[in-house]
Every structure is written in structure tokens, then in C-alpha cells.
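The next block holds one structure in the form of C-alpha cells; read it before the comments.
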Amino acid sequence: MNEQVVVLQEKANIIRKHIIEMLHESASGHPGGSLSAADILAVLYFDEMKVDSNNPKWEDRDRFVLSKGHAAPVLYATLAEKGFFQKEELMRLRKIDSMLQGHPDMKGTPGVEMSTGSLGQGFSASIGMALSAKLDKKEFRVYTLLGDGELQEGIVWEAAMAAAHYKLDNLTAIVDYNQLQIDGFNKDIMGVDPVGDKFKAFGWNVIEVDGHSIEDLLNALKEAKKVLGMPTVLVAKTVKGKGVSFMENAVDWHGTAPTLEHKTKALIELGGE
Ligand SMILES: Cc1ncc(C[n+]2csc(CCOP(=O)(O)OP(=O)(O)O)c2C)c(N)n1
């Protein structure tokens, strides 16, 4: 395995540990959908995206929109690791007057590009950002992460149609395809499959990847940049709660915070303190 992959895997693991610690400390939040996206955010922020934590508003930076805003802990952990703010802040998640609210707030947190939480709207906003880059003849790229449960929102498909219509090849969407939403498996609540074929029919370039394979993610993101005239979506197969055995594929861990006992167990599985 090459060194870059090992470094990124280690970053993802650190992000996972922060998630467990933050959620335990605040006694609330969403572990399942945060853990499932840790590898994706590690690759985006520590390899793919041009961002500068010393200059969060740098005009030419790449943009990332966490459309599945309830997974805010994975974004906060990544931003802190990247140096946008002190890691100690993570322990103030969801506290009164904290900069880290339960869902991302673009006015309160350095590095957060869009306030999200109402499923589907972050995706629409990312399309506006990509379109404005085109109109302003800017080179930056826009990345956005959606949940597969989020695809149940009608707004997603109107936005997908617009992105293809405007040929937004500067936009890469990633679907965290963990097959669960808040109440159970998507297939039992409102089937979203076949996800790739749907995006293809809406005019998107589609790449299917293993969302926990650093190599797959690196290659797919590189590939996406070569495709011109249409937006690309990575359908990233993931496991909700990935990395903590008792949280994996368990709907109960969508929005439940770990107790001290859970935290201790989880941190041991993730490789200690
Ligand atoms: C418009 C809207 N409706 C309902 C919700 C409540 N909600 C929060 S998370 C969630 C499930 C999301 O599932 P998914 O996108 O698959 O996220 P993941 O499983 O990856 O956490 C729902 C329905 C919301 N945030 N926004």
C-alpha cells in the first residue's frame, strides 16, 4: 500500500475518533452517517481540494457542501484536523454559544461553505456555486456530499436536472450510499435504486466506488476532473457507522449519542485514545 493511502486512512481514523468523543461529550448528534463519510472527507480535504485554512474565504478555493447536514460532526472533525479552528472546539459541539451547532452554520464556523440540514437544499446550493464559477470564469471546483436517503427528496432531482442542463463539469457530487436513512433501510421506506442509472438518465457521468477504499476514491475524483460537459456523481458504497462494530448497519445509531461505555468500546476498536 502506498504511503499516501496510509496517511489518508490514518486521517480518517482520527476523524472517526473525534466523532465519537464529540458526540459523547455533547450527549447528542448523529454518529452513523458521520462515520460512514469519514474516508470520503479525509480524501477530499487532505488530497483533493484546494483550500487554505489560514484564508478560509480565499476566492479561488474549492468548495465543499455537506448536503446531508446532520452529519456535521464529520465535517467539524475534518475542518479541525485541517486547521480551520482549534481541535478543543470539538468538545463544545452543540453547546450554547458554541461555533459548532448541530447542523453546519456558514456564518458561525470557519470553513463551512453552506448552512445545511434541510435535506436536498445543500445540493441545490452547490449547483448554484458551480454555475456561478462558470459565469465568473473561475477555476474552482465544487464538491457536495449527499445521503442516499436524501435522494428521496424531490428537490434533489430538479437540481440534478439543472446541473446537467448547465453542463457543470466543475461539480462532483458524492452519494454516501449506506442504504439506511433515519427510520430504516431505504428499500423499505422509499426505494432509491438504481441510483447510478437515475443520475445517468438525468445527464450525469456516474462512477461507482467503494466509499471506504481510499484508492477508489482518489482514482474516481481524478477521473471526474477529466470528464467535460457534464457533472459527475460518485455513488460511494459505504456502511453506516463504519469502524465501530456495534454501530455498523444499525438504524438505532442514526441519531443516538454514545454513552461512556460505548465511547470506551468504540475508541478501543478505533485504535485507542
Ligand atoms: C427536508 C428534510 N426532511 C427530513 C429531515 C430529517 N432527517 C434527518 S436525517 C434523515 C435521514 C437521512 O438519510 P441519509 O441521507 O441516507 O443519511 P445517512 O443515513 O447517511 O445519515 C432525515 C429524514 C431533514 N433533515 N430534512
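The values are calculated or read from the model by the stated rules, or taken from the named source; none is laboratory data. Remember, it's a predicted structure, so these values are computed and weren't measured experimentally. Counting neighbours? That spans all protein chains shown, and the Cβs are built from the backbone with ideal geometry, glycine included. Heads up: the accessible areas ignore ligands, DNA and RNA and are worked out on the full protein's heavy atoms, side chains in. Shrake-Rupley method; radii C 1.70, N 1.55, O 1.52, S 1.80 Å.
Laid out as a table, the results:
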quantity	calculated
Between the stretch 239-265 and the stretch 208-237, the alpha-carbon center distance in angstrom	27 Å
Residue 91 - accessible surface, heavy atoms, 1.4 Å probe, Å² rounded to 10	60 Å²
Share, in percent, of DSSP beta bridges within the chain that are antiparallel, nearest 5	5 percent
Under Karplus coefficients 6.51, -1.76 and 1.60, residue-wise ³J(HN,Hα) of the stretch 78-91 in Hz, glycine/proline x	5, 4, 5, 4, 7, x, 6, 7, 5, 5, 4, 4, 4, 6
Peptides ranked, highest mean first, by Cβ atoms within 10 Å: ranges 110-121, 251-262	110-121, 251-262
Distance between the stretch 35-61 and the stretch 63-92 - C-alpha centres, whole angstrom	10 Å
Using alpha-carbon coordinates, inclination of helix 154-165 to the longest axis of the chain, degrees	40 degrees
Whether the stretch 93-217 is rounded, prolate or oblate, judged on the alpha carbon gyration tensor where a/c under 1.5 counts as rounded	oblate
Under 5 Å, built H, 5+ apart or other chain: amide partners of residue 210	237
Apportionment of accessible area to carbon and sulfur, the stretch 3-270, percent (1.4 Å)	51 percent
Sorted peptide list for 240-247, 17-24, criterion being average Cβ within 10 angstrom, highest first	17-24, 240-247
Difference of contour (0.36 nm per residue) and Cα-Cα distance, residue 60 to residue 28	8.0 nm
Karplus 3J(HN,Hα) series, Hz, for the stretch 30-38 with 6.51 cos²θ - 1.76 cosθ + 1.60 (x for Gly, Pro)	10, x, x, x, 7, 5, 5, 9, 5
Heavy-atom accessible area per residue - the stretch 3-270, 1.4 Å, Å²	42 Å²
Helical contribution to [θ] at 222 nm, DSSP H n ≥ 4, -39,500 (n - 2.57), averaged over the chain, rounded to 500	-11500 deg cm²/dmol
Under 13 Å, Cβ to Cβ, from residue 222 - net charge with Lys/Arg +1 and Asp/Glu -1	-2
Electrostatic dipole magnitude of the chain [Cβ: Lys, Arg +1; Asp, Glu -1; Cα centre; debye, to 20]	540 debye
Within-14-Å neighbourhood charge of residue 193 [Cβ basis; K, R +1; D, E -1]	0
Relative contact order (%) - criterion: Cα under 8 Å, at least six apart; region: the stretch 3-270	24 percent
Sum of side-chain charges, residue 49 neighbourhood, beta-carbon under 9 Å (Lys, Arg +1; Asp, Glu -1)	+1
Packing-based order for 95-101, 216-222, using average beta carbon neighbours within 10 Å, highest first	216-222, 95-101
Amide hydrogen neighbours beyond the local backbone of residue 174, cut-off 5 Å, H modeled	144, 145, 146, 234
Prolate/oblate/rounded call for the stretch 189-273, Cα gyration tensor, a/c under 1.5 rounded	oblate
Nearest 10 degrees, 0 to 90: helix 214-226 Cα axis against the chain principal axis	20 degrees
Reach of residue 138 by Cα under 18 Å, taken over lysines that are not fewer than 8 positions away in the same chain	50, 57, 167, 225, 226
